[in-house]
Amino acid sequence: MIQCLMCSATFQGSNRFIDILLLKNTHSQVCEDCFQKFEKISDNHCPMCYKEATKDCLDCRYWQNQGKEVEHKSLFIYNQAMKEYFSRYKFQGDYLLRKVFSKVIRKELKNIKTMQLFPFQ
Ligand SMILES: [Zn+2]
Ligand SMILES: [Zn+2]
């Protein structure tokens, strides 16, 4: 049994090799209920700042006009669950919480590395 880092409920983690292989179990430190509260950013986002539901972002256009390029990458929307997560992470010093996203982030970094290694694919 694993104890959820967000709500402290205990849940059954998956140890099946196939799930680990397919990176299915990407949030083993939080229970399913808590993880579902985090909203992944959809494909419809600003290509530069990842703001949801906009391909033509006024903020980024403003910064571009100022001669500044916006380049950052987000994976999740800053919703209520994310706010709670950050307030725990920052103010309560619960460093275990970093594990909530470590696998998702590691997976994402692997994608970026692959893209840089094979830029013509
Ligand atoms: Zn939970
Ligand atoms: Zn933008």
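Structure notes:
- Qualifying residue in the stretch 75-89 (condition: surrounded by fewer than 16 Cβ atoms within 10 Å (Cβ to Cβ), within 13 Å of ligand 2 (Cβ to nearest atom) and either modelled with pLDDT under 85 or under 15 Å from the mean Cα position of the chain (by Cα) (or both)): no
- Within the stretch 48-74, residues that are outside the structural domain of residue 105 (by the TED database) sit with their Cβ atoms under 6 Å from residues that are more than 16 Å from ligand 1 (Cβ to nearest atom) and open to solvent by 80 Å² or more (accessible area, probe 1.4 Å), at 6+ positions apart or across chains, in these pairs: 57/51; 70/63.
- Any hit, the stretch 14-27, residues being surrounded by 13 or more Cβ atoms within 10 Å (Cβ to Cβ) and modelled with pLDDT of 70 or more: no
- So residue 6, is it within 16 Å of ligand 1 (Cβ to nearest atom) and modelled with pLDDT of 80 or more: yes
The values are calculated or read from the model by the stated rules, or taken from the named source; none is laboratory data. Nothing here was measured: the structure is a model prediction, and the numbers come from that model. No Cβ is skipped: glycine too gets one built from the backbone with ideal geometry, and neighbour counts run over all protein chains shown. Protein only, heavy atoms only, side chains kept; ligands, DNA and RNA dropped before computing areas. Shrake-Rupley method; radii C 1.70, N 1.55, O 1.52, S 1.80 Å.
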